[in-house]
Structures are given as structure tokens and as C-alpha cells.
């Protein structure tokens with residue numbers, strides 16, 4: 001399942017702009033297989049755009065992006081066969097039932113895991129016949145996690161995984177991400193939640209204004225900065241005002 | 001496109017359609033209701049239709065109504081909601097991509113239109129003395145081309161960068177005048193002059209005319225078919241340029 005010769009993710013000098021707004025301005029990082037890596041920063045820092053380039057949903061203006069050695073802009077379908085994603089601001093039709101959603105998404109992949117086992121793993125067995133519109137926020141998020149893992153992907157990407165979840169659902173979700181690491185999968189966590197990043201990630205790239213302002217193990221970054229938490233590092237390394245895109249391009253960025 | 005994915009997506013879309021009572025009513029039951037309301041006297045020849053049987057004139061129009069309902073009233077709102085909800089965005093992160101939903105919606109809309117048409121014709125034949133079409137091939141061809149033209153038009157409405165509620169409102173603004181001025185619900189030559197003039201610019205009018213001529217005279221209305229084909233191509237080209245998945 002692992003490809004030892006290519007890292008899971010290689011991003012080198014990535015640039016992406018939307019009109020006059022520079023979303024990503026020379027981002028570079030490498031994620032070896034098996035690592036839980038965080039892309040952290042405030043809203044508009046360039047995290048989601050970077051993720052979208054990794055998934056082949058956007059084409060970089062300049063720079064290189066490789067996922068398992070593949071170019072997502074040209075080999076998008078191949079990349080997406082090996083990558084599972086939970087995306088921000090993505091819902092399902094309200095009348096679609098949990099079991100139907102899984103069977104539907106399973107048809108997109110040549111090989112999938114057992115749907116019953118997946119439902120059991122994410123605590124959704126008794127929600128199988130429940131419509132998406134009737135699920136709680138936590139249940140919806142678990143369904144999206146299950147959908148992201150249907151094809152047993154080698155790399156799993158989560159964009160604002162626990163936004164909107166209550167503390168208990170948040171802790172549960174974190175434990176589930178840790179179980180993915182234990183299975184040897186590479187995990188990319190995109191988040192503005194520094195506590196989440198500190199708790200889950202082996203290493204993080206901190207983005208601000210489309211640039212990497214810090215890269216390393218959370219504990220090392222905290223120690224180097226002589227502060228108490230990754231949140232303190234974030235507050236010290238990123239400036240106010242520089243991170244919010246103009247309102248006119250915000251739609252496009254998301 | 002991956003056929004397993006298309007088949008499964010189509011099955012999913014069909015289930016979702018059947019769970020929407022309003023959609024099922026307007027596509028399958030509403031044309032039959034209109035038929036029944038105007039069914040008095042069955043298929044007796046009418047002087048105002050040039051001596052043609054009443055049903056022979058009404059049914060081709062109602063067939064056009066069926067195709068318009070499923071495409072213009074169904075597809076734009078459905079796609080716009082999928083865009084707004086981020087369903088299309090989520091599908092972009094899969095190997096097959098969101099195009100599979102578009103394909104499935106076209107298959108479902110076409111299949112439901114055919115089912116609605118057969119149901120309508122069945123009721124009109126069994127209960128209201130409708131004559132069999134003079135040229136079933138010409139009727140089927142005109143129906144198929146009309147459906148393609150209206151689906152393209154629906155796709156064009158769906159591709160405008162509007163919130164789903166506005167798309168729905170726009171579809172209604174197009175749909176309701178269209179079904180009246182085209183002659184789909186009531187013969188055009190009994191409409192006021194202004195409505196007839198507007199009707200000349202509505203593609204659905206040509207579906208009504210083409211179906212009517214095929215049903216009663218058994219001949220091909222090549223002008224109407226050309227307009228429908230032109231509508232299909234022009235709308236599809238414009239929609240493809242305008243459409244955004246997110």
C-alpha cells in the first residue's frame with residue numbers, strides 16, 4: 001500500500017492567485033508517508049487553496065505539487081483514487097440516507113471497504129436509514145469521515161475537521177484521526193484550531209498571507225519561540241490584518 | 001465516464017426524485033389532471049381546431065408540458081442546490097467527479113418524461129378516445145429532440161451564477177408563461193394575438209407544433225425540429241461556458 005520511493009506530498013514553491021488576491025505565495029513542504037501533517041493558519045491564509053491544488057481541484061499558477069509522485073493537475077483521477085478527503089462547506093442532499101450515501105460513493109471506486117464495518121467503526125450503524133438532513137453536526141461529520149475512508153485511501157485530508165462540533169464530538173473525532181495514523185495512513189489536517197493541530201499533528205506548516213511562517217514539530221516550535229502553546233506561536237508569528245482576503249474574492253477562495 | 005458510478009448515481013437521483021412529492025405530482029399527475037379537466041366530450045371533432053379531434057390537439061401539447069416540467073422546473077433548481085450545498089464540490093474530490101450527477105439528472109429527467117408521456121397517452125387512449133398517432137416515429141423523434149432542447153435550456157438556467165432560490169424563481173418565471181404561450185396547455189390559435197406573438201420566440205412552441213403535426217398529419221415539421229436542434233446546441237454551448245461546479 002505504501003510507496004516508499006515517493007513522499008505522500010511534495011509541494012515546492014506553490015503560487016496561486018485569484019485576480020489581484022494572492023492566495024498562496026511560494027509555499028513549500030514535504031510530508032513523508034505515515035505522518036500526520038498540519039496546515040495551520042487563519043482563514044484566508046492559503047490553507048484550503050493549497051489543499052485544493054493537492055486534490056487537483058485547482059491548477060497552480062507556478063510551482064510543483066506532487067502526491068505520491070503524481071501531478072494532481074494532470075493525473076487528478078489517479079490522485080483522488082488514493083486520497084480521501086473531507087471538505088469544508090460540503091453537504092449531501094437532505095433526503096439522502098446514510099446507507100445510500102455510502103453505497104453511492106462506493107460506486108466511484110474500484111475497491112472499497114465493507115460498508116457495514118465502516119458504519120460500525122464510525123458509530124453510524126443505527127443511523128443507516130436516517131436522512132442526511134436529520135443527522136446532528138457530529139453525525140454528519142462522522143459520515144463525511146466514513147465517505148473519505150470508503151476506498152481505504154493512503155492519504156486522508158481533513159479541512160476544518162471539528163468546526164462546529166461540541167467538545168465531546170471533537171474529542172471523539174480526534175481519537176478517530178489518531179486511529180488512522182495507527183493504521184499507517186498519511187493524514188493532512190487543515191485547521192485554524194491550534195489546539196487541534198498541537199494535539200494531532202507530528203509536524204505543522206503555519207501559513208500566513210499565503211506564505212509558510214513556521215514549519216516543524218509543534219513542540220519544537222513552541223520551545224523555539226519560548227511560549228506555552230502553538231496558539232502563542234501563531235499569535236507571535238502571524239500579524240493581524242494581513243490574512244483576510246478582500247470580500248470580493250472570498251467566495252472564490254472557498 | 002464510469003458506468004457503475006453513472007448507474008448508481010442515476011438510481012440515487014431517481015430515489016431522491018420520488019421522495020419529492022411536488023415533483024412527482026407536477027410531472028406525472030398534473031398533465032393528466034389538465035387532460036381530465038378538458039376531457040368533456042372526449043375526442044369529438046372541434047370546429048375551432050379545423051375539425052380535428054379535441055384530444056388529438058390537446059395531447060401533443062400536454063406531452064410538451066411533460067418534457068418542460070421535468071427539465072425546466074426540475075433540473076435548474078436541483079443543480080443549483082447541489083452547487084449551493086457543496087455536493088458538487090464534494091464530488092470533485094472523487095475520481096469520477098461531479099459530471100456524473102449531471103449525467104444522472106439528464107437520464108432521470110428523460111426517463112421520467114417518457115414515463116409521464118406514456119402515462120398521459122395511456123389515459124387519453126383508454127378514457128378519452130384519443131386516436132393513435134399518425135406517425136409514432138415522428139412523434140417519438142420530436143419528443144426526444146424537444147426533451148434534449150429543454151434539458152439544454154434547463155442546464156443554461158442552472159449555469160447562471162445565482163443562489164438556488166433565485167434559480168428556482170427564474171425557472172418559474174420562464175416556465176409558467178412558456179407553457180401558456182407555447183400552446184402546451186391550451187391551443188395557441190385560441191390565445192390573444194400578443195401571446196401568440198410571444199409564443200413565436202419560445203422553443204417549447206416548436207415542440208408543441210412538431211408533436212401536433214406528427215400526431216395528426218403524420219408528417220415531419222422540419223422547421224420546428226430545426227428550431228429545437230438549434231436551441232439544444234446554442235443552450236448547451238452557452239451553459240458549458242458559464243457553468244461552475246462551485
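The relative contact order of chain A comes to 27 percent, based on Cα pairs under 8 Å that sit 6 or more residues apart.
So for B:32, B:194, A:9, fewest C-beta neighbours within 10 Å to most, what's the order?
B:194, B:32, A:9
Between residue A:95 and residue B:217, the C-beta separation translates, for a Förster distance of 30 Å, into a calculated FRET efficiency of about 0.10.
Sorted ascending by nearby beta carbons within 10 Å, beginning with the fewest, B:201, A:158, B:180, B:17 become B:201, B:180, B:17, A:158.
Computed from label points 7 Å out along Cα-Cβ, the spacing between residue A:88 and residue A:166 is 2.5 nm. A Förster radius of 51 Å, combined with the Cβ-Cβ distance separating residue B:176 from residue A:5, puts the computed FRET efficiency at roughly 0.25. Available extension along the chain between residue B:47 and residue B:244 is 65.8 nm, counting 0.36 nm per residue and deducting the alpha carbon span. Under 18 Å from a label point 7 Å along Cα→Cβ of residue A:178: give me every residue in the range A:21-37 with its amide N that close. Residues passing the 18 Å test: A:35-37. Its DSSP H runs of at least 4 residues, each contributing -39,500 (n - 2.57), put the calculated 222 nm mean residue ellipticity of chain A at -10000 deg cm²/dmol, to the nearest 500. Look at where the Cα atoms of the range A:142-173 and of the range A:33-79 average out, and the two centres are 18 Å apart.
The angle between the Cα long axis of helix B:54-68 and the main principal axis of chain B comes to about 10°, on a 0 to 90 degree scale. In terms of surrounding Cβ atoms within a 10 Å radius of their Cβ, B:200, A:159, B:193 rank from fewest to most as B:193, B:200, A:159.
Using a 7 Å offset from Cα along Cα-Cβ at residue B:237, what residues in the range B:68-86 end up with backbone N under 19 Å from the label point? Taking a point 7 Å out along Cα→Cβ of residue B:237, no residue of the range B:68-86 has its backbone N under 19 Å. What's the FRET efficiency of residue A:120 with residue B:37 using the Cβ-Cβ distance as r and R₀ = 41 Å, to the nearest 0.05? Computed FRET efficiency for residue A:120 and residue B:37 comes out at 0.15. With the simple spin-label model, which puts each label point 7 Å out from Cα in the Cβ direction, the residue B:111 to residue B:126 separation comes to 2.2 nm.
For the protein assembly as shown, state what percent of all Cα-Cα pairs lands in each successive 10 Å bin, counting from 0 Å until the bin that includes the largest distance. All Cα pairs considered, the percentages come to 4, 18, 24, 20, 14, 10, 7, 3, 1, 0.
If you take the Cα centroid of the range B:174-229 and the Cα centroid of the range B:91-138, the two points sit 19 Å apart. Modelled label positions at residue A:17 and residue A:130, each set 7 Å beyond Cα in the direction of Cβ, lie 4.7 nm from each other.
To the nearest whole number, what is the average tally of beta carbon atoms from other chains within 10 Å of the beta carbons of peptide A:71-80?
2
Readers should treat all values here as calculations from the given coordinates under stated rules, not as data from a laboratory. Remember, predicted model here, so these are calculated numbers, not experimental data. Positions of Cβ are backbone-derived with ideal geometry, glycine not excepted, and every protein chain shown enters the neighbour counts.
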